[in-house]
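Take a look at the structure set out below.
The values are calculated or read from the model by the stated rules, or taken from the named source; none is laboratory data. As the structure is a computational prediction, the values presented were derived from the model and not from experiment. Please note: Cβ atoms are built from the backbone with ideal geometry, for glycine as well, and neighbour counts cover all protein chains shown. Heads up: the accessible areas ignore ligands, DNA and RNA and are worked out on the full protein's heavy atoms, side chains in. Shrake-Rupley method; radii C 1.70, N 1.55, O 1.52, S 1.80 Å.
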Amino acid sequence: MGALLAAGVLAGGLVALQGQADALENGVARTPPMGWNSWNTFGCNINETLIKQMADAIVGSGLRDLGYQYVVVDDCWFDPARDSAGNLRGDPSRFPSGMKALGDYLHAKGLKFGIYQVPVDKTCAQYFGGYPGATGSQGHEVQDARQFAAWGVDYLKYDWCSPGGTIDDQVRTFAKMRDALAATGRQIVYSINPNSIHAKTGPQRDWGDVANMWRTTEDITNRWDTGQTNGYPMGIQNIVDVTVPLASYARPGAFNDPDMMEVGRGGMTDTEMRSHFALWAVMASPLIAGNDLRSMDPATTAILKNQNLIAVNQDPLALQARQISNDGTRRVLAKRLANGDVAVALFNQGGGTTTVGTTASAIGLQGGSFTLRDAWTNAVSGSAGAISASVPPHGTVVYRVSGGASPSATPTVTPTATPTATPTATPTATPTPGGQDGCTATYRLAGDWGSGFQGEVTVRNTGSAPLNGWAVKMTLPGGQTITNLWNGVNTGTGGTVTVRNAPYNGTVAGNGSATFGFTADGSGSAAPTGMTCTSP
Ligand code: GLA
């Protein structure tokens, strides 16, 4: 056991080192940034009075003291023309006191200053004709970064806003501003969106080498489900579907960004609003409110101020919840916390009330006695291992589970990067073909963007006793090659794929399931063939 633990710790350490070498280490966003952004409610209709009122409301409502710090001024703040020296300036009618004065106002209130810009010639509003001019940073990166630093900017939202450019062009172009910001010497959170008016490249790579946070999806709207996979506009369920599989990318300084919140903006029930916030919290998502903070109803205030969920979101390990199971209706996510507790989200994606459940062992805890604290009601209950709740349609119950022993394998291990970690979970796995050993595997195409696609394989335990370890074999047709795989370890080569469980999801409860996902180059129109599931 000691050797197994050592191997796990070693693998984790290697990954951490590798991650650090590649990551943007600018010292900020050690936990997901929290704050407010003007776009969701006000679009282009912004001015300094509005932003100051919002700053006053963040302080007055107590949100600042719970962590909501960044006040982000989105599109349409600038003069449509640069000055004769090429400098950006605030629009004189909207921000007559200038942007430096606004930054000073925010700082005096104990808040931080965020601003919006693009790497191309036109901001999104300029591209769509909603605002005059062409004042993007293209060719002005160093000058604009210095200007932002001089104004006291603490957070830059940098939005692609162009149909042009490959993902490699985007990496290079976003890196230019990353380096320009670093050269100013000011600590500035760097928030990017590669998806706007562009193929959805946000979920196609780990952008942690380029930015502190990166949008995973198209723009959010205040609806539960728009039917979109990753197209405009995205509902809460649609965004969760894209962002959950990217869990392994989250770490201090680097977060998946499922977009600014719609809490308090109508269009959804209170249950759905609570779910939205709970899911953002466990996904280690930036918590950037998008509602009018001057007029919040009691339900909105209670949601945004839920301290149990804020603590889960701001946990110093900065892990994003891993998917434990998903049968299409009942989805279970688990986020390991710094003190050894695990936050478990029991999410009902269906249309009727249902019981959503998992077990302490499935979420990586060992032992026979646990305490469950409900993040919404604060109710505390005891359990010998069962974790379940009756959950209304589109609802999410979150328990903070404590007790037992700490997880034996660290979920921070990125499965694809640590093939040597596999034996810790499946020391005697000798799969036999045919899927006769108590599990089945089913495939789902989760997204297709032409040159690549995202697939999901669900391993189902067909018996009533827990499954201890699993392996899925399959063949990828015609030139498909896996580019990234999560919640499993691929020990196959090329198109011949053998995916074994990751160290943390080998135990599948009786009749339960585990899911791994992958992205691949090539067309997703043909599904994998010869799929079998075996368990030792
Ligand atoms: C894009 C972004 C939005 C917002 C607008 C501003 O659509 O995704 O979040 O910044 O641009 O025009």
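Considering the stretch 117-130, and only residues there that are within 8 Å of the ligand (Cβ to nearest atom) and in a loop (DSSP other than H, G, I, E, B), the residue that is most open to solvent (accessible area, probe 1.4 Å) turns out to be 128.
When each of 227, 264 is tested for being of a type outside the set (D, E, K, R) and closer than 26 Å to residue 189 by Cα, the lone residue that passes is 264.
Return yes when residue 142 is more than 17 Å from residue 42 (Cβ to Cβ) and within 16 Å of the ligand (Cβ to nearest atom) and no when it is not. When the stated conditions are applied, residue 142 does not pass them.
Does residue 197 fit the bill of being open to solvent by 30 Å² or more (accessible area, probe 1.4 Å) and within 16 Å of the ligand (Cβ to nearest atom)? Yes. Among the residues of the stretch 250-259, are any open to solvent by 10 Å² or more (accessible area, probe 1.4 Å), within 16 Å of residue 318 (Cβ to Cβ) and within 12 Å of the ligand (Cβ to nearest atom)? Within the stretch 250-259 (the criterion being open to solvent by 10 Å² or more (accessible area, probe 1.4 Å), within 16 Å of residue 318 (Cβ to Cβ) and within 12 Å of the ligand (Cβ to nearest atom)), the answer is yes, since at least one residue qualifies. Within the stretch 227-237, restricting attention to residues that are within 15 Å of the ligand (Cβ to nearest atom) and among the polar types (S, T, N, Q), the residue that is least open to solvent (accessible area, probe 1.4 Å) is 230. Taken together, 82, 89 contain a single residue that is in contact with a Ser or Thr (Cβ under 7 Å, 6 or more places away or on another chain), more than 26 Å from residue 308 (Cβ to Cβ), away from the ligand (no atom under 16 Å from the Cβ) and of a type in the set (D, E, K, R), which is 82. Being touching a residue at least 24 places away in the same chain (Cβ under 8 Å) and open to solvent by less than 10 Å² (accessible area, probe 1.4 Å) holds for only one residue in 110, 103, 133, and it is 103. Against the test of being β-branched (Val, Ile, Thr) and out of contact with any Leu (no Cβ under 8 Å at 6 or more places or on another chain), the options 358, 371 yield a single qualifying residue, 371.
Checked against (1) surrounded by 24 or more Cβ atoms within 10 Å (Cβ to Cβ); (2) closer than 20 Å to residue 343 by Cα; (3) under 17 Å from the mean Cα position of the chain (by Cα), residue 289 meets all criteria but (2).
Counting only strands (runs of 3 or more DSSP E) that sit wholly inside the stretch 173-291, those with at least 2 residues that are touching a strand residue (DSSP E or B) at 6+ places or on another chain (Cβ under 8 Å) and within 19 Å of residue 75 (Cβ to Cβ) are 189-193, 213-215, 287-289.
I'd like to know if the stretch 213-220 contains one or more residues that are within 14 Å of the ligand (Cβ to nearest atom), open to solvent by 30 Å² or more (accessible area, probe 1.4 Å) and within 17 Å of residue 161 (Cα to Cα). Within the stretch 213-220, one or more residues are within 14 Å of the ligand (Cβ to nearest atom), open to solvent by 30 Å² or more (accessible area, probe 1.4 Å) and within 17 Å of residue 161 (Cα to Cα). Looking at residue 207 and the list (1) more than 15 Å from residue 483 (Cβ to Cβ); (2) of a type outside the set (D, E, K, R); (3) surrounded by 24 or more Cβ atoms within 10 Å (Cβ to Cβ), which single condition is not satisfied? It fails just one condition, (1).
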